[in-house]
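Peer 1: One structure follows; several queries about it will come next.
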Amino acid sequence: MKDLRNILTWKQDFGLLPIHLYPNQIENNCFIMLNGGYGDFCLKTEGSDNSSIDFNSLSWSSNTKNFIVIGDENVNIYNWQTDNPEIIAKNRVEKNFEKFYKYLVDKSFKSSKDVVPFVIDIFKQFRNLTQEKNNAVEALNLLFILLTSLKEDISNFDFSSWGLSEVEIPSNFDLYTERLKNGISGIKPELDLIIRHSAGALFQEAQKEVLFFDRQIDLWGTFSSKMTSKYVLYSSIHYTPPYLSRTIVENALKQIDLSQSFLKIFDPACGSSEFLIEALKQLHEKRYLGNVIIIGWDVSQTAIDTSNFLLSYEKRTVWKEKLNFEIKLVTDSLKEEWSNDYDLLLMNPPFVSWEQMDKDSREAVRGIFKTKLEGRPNQASAFFYKSVQSLNSVGVIGCVIPSSLLTLDAYQNLRNEVSDQLEITLIGKLGNFVFEDALTDVSFIIGHKPKTNIIPLILWTRNEKGIPQNALRDLRKMSYSEEFKIVEKDYSVYTPLSFPITKENWKPISFQENELFKRIERFVIEQQLVRVQEIFNVQQGIRTGNNAAFKISEAEYNNLPNLEQAFFRPAIDNDSIKRGQIQSVNYVWYPYNEEGIIIDSEEDLINKVPIFYEKMLRDFKISLTNRARKDESTWWHLSEHRAWLRKKQPRLVSTEFGKSDSFAFDKDGHFAIERGNAWLPKKDFKQLDTYYFYLAFFSSPFFDKLLSIYSKQLLSGWDLGKKYTKEIPIPNAHSKEIRYSQAYEQLVDIGKELSEGEYYLRATTDSILLKYIYPEI
């Protein structure tokens with residue numbers, strides 16, 4: 001039978017994080033149960049069935065819907081939207097615990113009357129008052145002063161003690177204080193709970209740019225809350241959702257020795273100090289008795305004001321003299337002098353691409369790295385690298401990073417250097433649906449010094465909305481229950497046999513993919529399979545240098561004389577291959593034969609393609625002449641024409657990015673591959689049958705599984721280029737075992753049918769592969 005009064009029951013069964021509702025009453029039995037961003041509720045594990053506590057005000061102020069009270073005989077559910085509690089027999093809840101929890105989650109939906117929209121509505125009135133378009137410093141400070149009015153007389157407000165900049169308090173401020181104190185439907189707000197559980201959402205609202213203000217006065221004599229706004233990008237770029245910052249802090253603190261007398265914690269892109277406040281909450285829950293030094297930097301004044309207010313509140317109400325903090329406004333954290341003695345470094349760094357950075361920011365990024373990085377690094381890579389260097393000898397880092405840092409070749413040197421210094425304990429890939437305002441592929445890392453050569457825990461999620469919250473909740477559940485792994489369809493958490501799992505990158509893969517990887521790599525060792533690079537030379541298609549000049553539509557092609565059409569070939573690009581067949585709708589300029597260029601001069605160009613020259617090409621002469629390795633004598637040449645394309649011969653082709661439906665067979669070699677790849681045999685295929693064999697293999701659902709392990713994932717599929725496919729294990733059609741097998745004949749037949757448009761046969765390939773070629777998988 002479930003012991004509902006034991007908080008461990010709720011933790012182990014549902015992966016909830018309990019935080020005492022009142023931090024100064026840590027011995028009491030009132031908690032807020034945090035659940036990955038939705039379905040949070042309050043819980044009192046011991047209490048009479050007829051308590052006089054105002055549970056509705058407590059749950060509303062803490063941004064939850066329900067307050068659960070465990071009595072002697074009954075479980076009472078106080079929902080602030082209803083007048084009376086719902087009473088359920090305790091033994092009934094104990095017998096149906098899973099259903100009860102699901103019932104609670106279903107009753108925890110967000111509404112317009114929640115505390116966050118209620119307070120944001122008032123904040124919008126302040127913005128209409130102050131008319132701050134981009135940086136709502138004054139409006140935010142007015143809101144903080146308003147919140148403190150729940151406990152203090154603000155007629156002689158002490159700005160410094162609350163960590164606030166001085167602002168002029170409007171004469172009708174009492175109207176706003178009255179509205180706040182009245183709450184909603186008789187529910188009274190509580191300052192401590194609002195600040196501790198809603199401040200992040202308020203700060204996020206303050207980052208919006210106002211497009212249109214409304215200066216109308218409402219019925220209560222205050223400004224209207226109507227306005228038109230949009231998100232703007234500020235220093236931290238994307239607001240860290242609480243479920244993610246909470247998980248990172250939890251797992252980072254597991255690596256900290258809490259017996260030490262003080263902790264120095266740093267966030268170089270602190271925003272509203274979501275990480276820093278979360279660290280203080282959890283340290284207090286763990287009953288840490290030492291002193292804490294907090295340091296935070298940001299480029300946003302609203303971020304600095306919010307951080308100072310929240311940390312001042314923590315200091316005056318919970319930590320007292322044991323907390324010291326310094327929050328600093330900077331122009332660029334990378335240009336500041338970083339200490340190298342941090343015990344804990346937490347951050348969500350700016351995800352700013354090279355293209356978005358100004359010259360000074362680029363120089364700052366380049367200056368961070370001791371070794372030369374290839375390509376154009378993201379600003380987050382410099383933050384991550386510098387953070388690792390800034391830890392003390394036993395320091396811990398917990399941070400959000402772009403997933404590209406784990407996979408791109410450009411960051412190989414960075415990964416190698418970090419790996420030599422840092423022991424990674426947890427690495428997770430969460431996908432594109434973490435940040436509310438951007439489709440950025442997000443991962444996170446927990447690590448510590450010194451290097452001890454352990455294998456990290458891997459967390460992988462399917463790239464779909466809502467899955468990261470469930471995965472992180474189950475990660476917590478796994479820790480509470482001391483389980484070794486979690487394997488679900490949409491996510492998995494496990495420890496692999498080695499790390500990195502695949503060569504040259506830190507890409508997290510699912511548990512199922514890891515098991516497949518181990519088995520299929522054994523086939524390579526036993527020489528039953530070979531790598532793609534042993535059979536194929538995967539070649540990138542042509543680069544025109546200017547598609548507007550050299551690439552034409554089918555209608556434009558048909559309008560050219562036959563003699564001029566001969567200088568064009570149908571193009572294969574990322575839209576040309578569908579379900580195993582080539583469906584080209586564009587043509588590309590290709591004035592080459594097997595010997596090379598067949599137009600020797602501009603005069604020859606005008607004579608051979610007068611219509612194309614006059615109507616389409618001539619206007620591009622200047623821009624084409626200025627290309628690298630081209631001049632006035634070669635301006636009509638393609639930038640890269642690919643010599644192997646000059647000879648028309650059979651070849652397998654694919655798009656640049658895609659999946660198993662992105663392969664086709666160009667039997668006559670008639671097409672010019674533009675945004676795509678040619679899969680050229682390193683050893684001649686003596687029969688066309690071999691092409692059909694591999695077409696069937698590459699078109700199989702099983703090949704999608706191999707791509708998901710070995711290649712780089714994009715929103716449109718996987719990278720099908722040489723760099724990311726060369727290590728994929730495939731059957732060797734040159735071997736007698738394969739060539740004279742029943743599987744070979746069947747796959748050849750399927751490949752032929754695929755070329756004729758019978759794509760439904762693709763579904764049968766896996767059964768053949770798993771029966772004859774991969775029998776143990």
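Peer 1: If each residue of separation counts as 0.36 nm, what is the full-extension length gain between Lys723 and Glu756 once their alpha-carbon separation is subtracted? Let's see the in-between values first.
Peer 2: Details: separation 33, 0.36 × 33 = 11.88 nm, distance 3.03 nm.
Contour length minus the Cα-Cα distance gives 8.8 nm.
Peer 1: What is the chain's relative contact order, in percent, from Cα pairs under 8 angstrom and six or more apart in sequence? Please list the in-between numbers first.
Peer 2: Working: 1463 pairs, mean separation 64.1, N = 777.
Answer for the chain is 8 percent.
Peer 1: Working out 0.36 nm times the residue gap between Thr625 and Ile293, then minus their Cα-Cα distance, what length gain in nm do you get to one decimal?
Peer 2: On the way: separation 332, 0.36 × 332 = 119.52 nm, distance 6.06 nm.
Roughly 113.5 nm would be gained on extension.
Peer 1: Near Lys133, which lysines are there with a Cα under 19 Å away, not counting those fewer than 8 places off in the same chain?
Peer 2: Cα-Cα hits under 19 Å: Lys124, Lys208, Lys226, Lys230.
Peer 1: Sticking with this one: Taking neighbour Cβ counts within 10 Å as the exposure measure, how do Leu770, Leu422 sort from fewest upward? Don't skip to the end; give the middle numbers.
Peer 2: Details: Leu770 15, Leu422 21.
Final ranking by Cβ density, sparse to dense: Leu770, Leu422.
Peer 1: Now, a different point. How many angstrom lie between the C-alpha centres of the range 562-594 and the range 242-257?
Peer 2: If we compute the Cα centre of each part, the gap is 54 Å.
Peer 1: Let me ask something else about it. Assuming 0.890 mPa s and 25 °C, estimate D for the range 536-773 with Stokes-Einstein, Rh taken as the Kirkwood radius over Cα pairs, in µm²/s.
Peer 2: Details: Rh = 19.0 Å.
Reported coefficient: 129 µm²/s.
Peer 1: Using a Förster distance of 45 Å, how high is the FRET efficiency between Ser716 and Leu258, based on the Cβ-Cβ distance and rounded to 0.05? Show your work: numbers first, answer last.
Peer 2: Values: r = 46 Å, r/R0 = 1.03.
Efficiency computed from Cβ-Cβ geometry: 0.45.
Peer 1: With r defined as the distance between the Cβ atoms of Glu564 and Glu603 and R0 fixed at 22 Å, what FRET efficiency is calculated, to the nearest 0.05? Walk me through the numbers before you get to the answer.
Peer 2: Numbers: r = 16 Å, r/R0 = 0.73.
Computed FRET efficiency for Glu564 and Glu603 comes out at 0.85.
Peer 1: Could you put Leu344, Leu714 in order, starting from the residue whose Cβ has the fewest other Cβ atoms within 10 Å?
Peer 2: Result, fewest neighbours first: Leu714, Leu344.
Peer 1: Another question about this same structure. Could you give the distance between the Cα centres of the range 296-321 and the range 610-644, to the whole Å?
Peer 2: The range 296-321 and the range 610-644 have Cα centres spaced 60 Å from each other.
Peer 1: Still on this structure: If you restrict to DSSP beta bridges whose two residues both lie in the chain, what percentage is antiparallel, to the nearest 5? Walk me through the numbers before you get to the answer.
Peer 2: Numbers: 73 of 102 bridges.
Of those bridges, close to 70 percent are antiparallel.
Peer 1: May I pose another question? For a bin width of 10 Å, list the pair-distance distribution of the chain built from all Cα-Cα distances, rounded to whole %.
Peer 2: The distribution over the chain is 2, 12, 18, 19, 18, 14, 10, 5, 1, 0, given as percents.
Peer 1: Among the trypsin sites (Lys or Arg not before Pro) in the range 403-509, which ones are in a DSSP loop with at most 10 other Cβ atoms within 10 Å of the Cβ? Mind listing them? Don't skip to the end; give the middle numbers.
Peer 2: Working: sites: Arg415, Lys429, Lys451, Arg462, Lys465, Arg473, Arg476, Lys477, Lys485, Lys489, Lys503; in loops: Lys451, Arg462, Lys465, Lys485, Lys489, Lys503.
Listed in order of number, the matching sites are Lys465, Lys489, Lys503.
Peer 1: Rounded to the nearest 5, what % of the DSSP beta bridges within the range 242-509 are antiparallel ones? Mind showing how you got there, number by number?
Peer 2: Values: 20 of 44 bridges.
Percent antiparallel among DSSP bridges in the range 242-509 is about 45.
Peer 1: In the range 699-777, which trypsin sites (Lys or Arg not before Pro) are in a loop and have at most 15 other Cβ atoms within 10 Å, using DSSP for the loop call?
Peer 2: none
Peer 1: Helix 173-182 sits at what angle to the longest principal axis of the chain, using alpha carbons and giving 0 to 90 degrees rounded to 10?
Peer 2: Between the helix axis and the principal axis of the chain, the angle is about 90 degrees.
Peer 1: Continuing with the same structure: Past the 18 Å Cα-Cα mark, which pairs from Lys44/Lys315; Lys503/Lys771; Lys429/Lys489; Lys11/Lys320; Lys647/Lys682? Walk me through the numbers on the way to the answer.
Peer 2: On the way: Lys44/Lys315 26 Å; Lys503/Lys771 28 Å; Lys429/Lys489 15 Å; Lys11/Lys320 30 Å; Lys647/Lys682 16 Å.
Beyond 18 Å: Lys44/Lys315; Lys503/Lys771; Lys11/Lys320.
Peer 1: Let me ask something additional. First measure r as the distance between the Cβ atoms of Thr764 and Asp106, then evaluate 1/(1 + (r/R0)^6) with R0 = 56 Å and state the FRET efficiency to the nearest 0.05.
Peer 2: Values: r = 42 Å, r/R0 = 0.76.
So, using R0 = 56 Å, E works out to roughly 0.85.
All of the numbers you see were taken from the coordinates with simple rules; none came from a lab. Nothing here was measured: the structure is a model prediction, and the numbers come from that model. When we count neighbours, we look across all protein chains shown, and the Cβ atoms used for this are built from the backbone with ideal geometry, even at glycine.
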